[in-house]
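What follows is calculated from the coordinates using simple rules that are stated; it is not laboratory data. Note that the coordinates shown come from a computational prediction; the quantities given were computed from them, not determined experimentally. Cβ sites come from the backbone with ideal geometry, for glycine too, and all protein chains shown count toward neighbours.
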Amino acid sequence: MHLKFNPLYHYIFDIAAYLSSLVIYVLQSRNKSVTLYSRSHFNRDYWRWLFAGVLIGAYLIGSFNLSLKGFFKVGHSIAGALFGGVISLEIYKLKNKIFESTGALFVLPLTIGIIIGRWGCYLQDCQMKLMGFQQIKPGCGLWRSPVEASCPAL
């Protein structure tokens, strides 16, 4: 069984993931009862370190992952973005002697963004077979990443 989807879906879901995460973050940050830490840590440097780490991690690990499959081009990865963001913020916090958690407001936006974004990845991968393995479950011959939604026989 081979499913065909327009590769444009991947980008549509990426944009929807970014926008939904931003909206959730902004709504949460305005609710003072959700804030578990001092807002003073969220200055321009904090955001610069975060975005630099996210971008570097996403593109380095994403491109490396594609190269493992024989595609030598620039790619991005949510796992790389998470890794880069966490590492860069921990370095920033050590440098600025911040010892409390600053990530509580990112949990829900990140979760929703990943859920929406993964559907775009799933639809894109149906076309390109970029990652995953052949499912063992009966009736499912798709090469897919190991997510339950990828196998119609479930």
Next item on the list: Let me have the relative contact order for the range 42-97, percent, based on Cα pairs under 8 Å that are six or more residues apart.
Entry: 42 percent
Next item on the list: Work out how much length Ala104 to Ser20 would gain on full extension: take 0.36 nm times their residue separation and subtract the Cα-Cα distance, in nm to one decimal.
Entry: 28.5 nm
Check: In sequence order, what are the phi-derived ³J(HN,Hα) couplings for the range 81-96 according to the Karplus relation 6.51 cos²θ - 1.76 cosθ + 1.60 with θ = phi - 60°, rounded to whole Hz, with x for glycine and proline?
Finding: 5, 4, 4, x, x, 5, 4, 5, 6, 5, 5, 4, 5, 4, 4, 9
Check: Excluding Ile87 itself, what net charge comes from residues whose Cβ is under 13 Å from its Cβ, given Lys and Arg +1 and Asp and Glu -1?
Finding: +1
Item checked: Translational diffusion coefficient (Stokes-Einstein; Kirkwood radius from C-alpha pairs) of the range 42-97 at 10 °C, 1.306 mPa s, in µm²/s -> 139 µm²/s
